[in-house]
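Undergrad: Dropping a structure here in structure tokens format, bear with me for questions.
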Amino acid sequence: MRALYCRNGHMVKVSSKWIFYFYILVSLLAVVFVFAHSQAFTNNGIFNIGPEFVSAIVNNLDPAKAVISMDLFFLALPLMVWVVLEGRRIGLKWPAIYMFAGIFVLTSAAVPLFLAAREHKLSKTNEEWKVYE
């Protein structure tokens, strides 16, 4: 069990197993919902999603879309660096795979998968972080 603290100072115990499954669920939901909305960019094949998507962001004059896209892009940059550094720190095998999946596939799916792998790795090294009981 791992302890998390609420705002009012009361301690709430949350099992790492549930956090692990929450990360997996978020990753799966991200894949389903993002790819459901990306069908507009698959007219020329699945491998043209990236160039068509970037072109749509750059050439689209809608300021709201540009702001949120650039904000998420600049959030993803340090997040991918942290994924690799944290993965190396805790001894995950191939932490760069999560970075490449985040860059080339889906950041919103790769980061929760990394967090699930991190939770699992920490559960093996520290009894407090136990995922499987």
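The values are calculated or read from the model by the stated rules, or taken from the named source; none is laboratory data. These numbers were taken from a predicted model, which means no experiment stands behind them. So basically every Cβ, Gly included, is an ideal-geometry build from the backbone, and we count neighbours across all protein chains shown.
Undergrad: Which of the helices (runs of 4 or more DSSP H) contained wholly in the range 37-122 include at least 1 residues that are modelled with pLDDT of 85 or more and over 16 Å from the mean Cα position of the chain (by Cα)?
TA: The helices (runs of 4 or more DSSP H) meeting that bar are 63-90.
Undergrad: Cβ-Cβ distance below 6 Å, separation of 6 or more or different chains: which pairs start in the range 68-92 with a residue that is within 23 Å of Thr125 (Cα to Cα) and end on one that is of a type in the set (D, E, K, R) and in a helix (DSSP H, G or I)?
TA: Qualifying pairs under 6 Å: Ile90/Lys121; Leu92/Lys121.
Undergrad: Restricting the range 76-119 to residues that are of a type in the set (Val, Ile, Thr) and buried (at least 21 other Cβ atoms within 10 Å of the Cβ), which is nearest to Val26 (Cα to Cα)?
TA: Val111
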